[in-house]
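See structure below.
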Amino acid sequence: MTTTQVVPGITRIGWIGTGVMGRSMCGHLLDAGFAVTVHNRTRQKAQPLLDQGARWADSPKAVAQASDVVFTIVGYPADVRSVILGPDGVLAGCTSGNTIVDMTTSEPSLAVEIAAAAARLGVHAVDAPVSGGDVGAREARLSIMIGGDADVVATLEPCWRAMGKTIVRQGGPGAGQHAKMVNQVLIASGMVGVCEALLYGYKAGLDLDTVLESVASGAAGSWSLSNLGPRIIGNRFEPGFFVEHFIKDMGIALAESKRMGLSMPGLALAHQLYLSVAAGGHARDGTHALQLALAAMSGVDWVRRRS
């Protein structure tokens with residue numbers, strides 16, 4: 001299959017999924033000079049992009065019919081399957097030479113399936129999940145983990161650069177999703193450590209802002225500690241990434257680990273703890289809401305501690 005260089009002002013972009021991260025990511029493509037056609041299950045969530053100059057389409061298929069490259073970033077693997085492979089999905093509206101880029105964190109096997117189905121129609125498919133949360137999306141500093149044909153990935157460089165800071169091709173179809181699973185395994189146990197450490201500091205009577213000043217720049221420092229630690233201390237649990245989506249990601253990683261014969265006790269524990277967070281009514285809060293569940297286990301009302 002031939003590839004065509006992606007050029008702002010010439011290449012038509014389609015975008016499906018305008019949630020916490022997708023809205024900002026699509027906005028950067030508009031700012032870069034691309035003409036964009038958007039679709040979302042709830043049109044109201046796409047309104048800021050429409051106000052910015054994007055066009056609306058009534059279905060994923062209609063987006064594809066108006067586009068050369070279609071990006072998707074939705075919730076779950078079932079959503080990816082429906083949006084891309086369904087009868088009114090993206091692939092149904094593509095023509096030979098088009099490119100589909102799924103940026104959802106999804107199943108590696110589904111990425112391989114999509115790539116094979118697309119290839120039969122002369123369509124390119126790339127999996128490109130991201131890390132960096134709402135802040136990274138807003139500031140165009142995402143890490144983008146890419147699986148797909150090297151030449152196709154290279155043509156999309158203007159799009160990658162508009163949305164991210166660290167852009168790395170990991171290999172063929174599905175490799176981007178596997179790399180994202182590595183990312184989520186790292187975050188899962190790391191968030192347990194961040195939350196337990198802040199809980200310990202509180203019970204020891206320390207000023208948590210002062211503690212954070214000391215530890216965030218040392219060997220214990222991490223993105224989660226620096227970016228989510230202040231939110232935890234300030235009782236700001238709005239989502240940069242939903243708990244329910246993180247539970248989905250850990251489930252995928254555990255299933256892939258089982259398939260590969262790996263024992264992942266740390267990931268399994270984090271998964272169980274996050275199920276407790278969701279059961280406590282925080283499925284639509286940010287992943288750092290884990291603090292609330294861990295505090296409750298020790299009889300600490302984390303939110304009220306500051307009153």
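Within the stretch 8-35, the residues that satisfy the criterion of being in a loop (DSSP other than H, G, I, E, B), at pLDDT 95 or above, β-branched (Val, Ile, Thr) and closer than 20 Å to Met103 by Cβ are Thr11, Thr18. Checked against (1) under 17 Å from the mean Cα position of the chain (by Cα); (2) at pLDDT 95 or above; (3) in the same structural domain as Thr287 (by TED's automatic domain parsing); (4) buried (at least 20 other Cβ atoms within 10 Å of the Cβ), Phe242 passes all but condition (2). Given (1) over 22 Å from Gly229 (Cα atoms); (2) surrounded by 22 or more Cβ atoms within 10 Å (Cβ to Cβ); (3) touching a Ser or Thr at 6+ places or on another chain (Cβ under 8 Å), identify the lone condition not met by Met264. Among (1) over 22 Å from Gly229 (Cα atoms); (2) surrounded by 22 or more Cβ atoms within 10 Å (Cβ to Cβ); (3) touching a Ser or Thr at 6+ places or on another chain (Cβ under 8 Å), the lone unmet condition for Met264 is (2).
Within the stretch 58-80, residues that are without any contact (Cβ under 8 Å) to a residue 60 or more places away in the chain sit with their Cβ atoms under 6 Å from residues that are in a strand (DSSP E or B) and surrounded by fewer than 23 Cβ atoms within 10 Å (Cβ to Cβ), at 6+ positions apart or across chains, in these pairs: Val63/Thr37; Ala66/Thr37; Ser67/Arg12; Ser67/Thr37.
Restricting Ala154, Ala204, Ala216 to residues that are of a type outside the set (Phe, Trp, Tyr) and outside the structural domain of Ala296 (by TED's automatic domain parsing) narrows the list to Ala154.
Within the stretch 4-30, being of a type outside the set (Gly, Ala, Ser) and under 21 Å from the mean Cα position of the chain (by Cα) holds for Ile13, Trp15, Ile16, Thr18, Val20, Met21, Arg23, Met25, Cys26, His28, Leu29, Leu30. Within the stretch 260-307, being at pLDDT below 95 and of a type in the set (Lys, Arg) holds for Arg304, Arg305, Arg306. Among the strands (runs of 3 or more DSSP E) confined to the stretch 70-167, the ones with at least 2 residues that are more than 15 Å from the chain's Cα centre (by Cα) and surrounded by 18 or more Cβ atoms within 10 Å (Cβ to Cβ) are located at 99-102, 124-127.
Look at the stretch 146-157: where a residue is more than 15 Å from Val7 (Cβ to Cβ) and a partner is of a type in the set (D, E, K, R), sitting 6+ places away or on another chain with Cβ atoms under 6 Å, you get Ile146/Arg169; Gly147/Asp127; Val153/Arg169. The set of residues from the stretch 256-273 being touching a residue at least 60 places away in the same chain (Cβ under 8 Å) and under 21 Å from the mean Cα position of the chain (by Cα) comprises Glu256, Leu267, Ala270, His271, Leu273. Picking from residues in the stretch 197-211 that are in contact (Cβ under 8 Å) with a residue 60 or more places away in the chain and surrounded by 15 or more Cβ atoms within 10 Å (Cβ to Cβ), the one that is nearest to the chain's Cα centre (by Cα) is Leu198.
Within the stretch 17-28, one or more residues are buried (at least 19 other Cβ atoms within 10 Å of the Cβ), within 19 Å of Leu142 (Cα to Cα), among the hydroxyl-bearing types (Ser, Thr, Tyr) and touching a residue at least 12 places away in the same chain (Cβ under 8 Å).
Annotation note: of Val69, Val90, Val38, Val63, the sole residue that is closer than 20 Å to Ser109 by Cα and either at pLDDT 95 or above or in contact with a strand residue (DSSP E or B) (Cβ under 8 Å, 6 or more places away or on another chain) (or both) is Val90.
Matching residues to (1) of a type in the set (Gly, Ala, Ser); (2) over 24 Å from Ile247 (Cβ atoms):
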residue: Lys45; (1), (2): no, no
residue: Leu49; (1), (2): no, yes
residue: Arg55; (1), (2): no, yes
residue: Ser67; (1), (2): yes, yes
residue: Val74; (1), (2): no, no
residue: Gly89; (1), (2): yes, yes
residue: Ala92; (1), (2): yes, yes
residue: Thr95; (1), (2): no, yes
residue: Val112; (1), (2): no, no
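When Val123, Val152, Val130 are checked against the criterion of being closer than 22 Å to Phe241 by Cβ and among the aliphatic types (A, V, I, L, M), a single residue qualifies: Val130.
The values are calculated or read from the model by the stated rules, or taken from the named source; none is laboratory data. Since the model is a prediction, treat every value here as computed from it, not as a measurement. Neighbour counts are summed over all protein chains in view; Cβ atoms, including those assigned to glycine, are modelled from backbone coordinates with ideal geometry.
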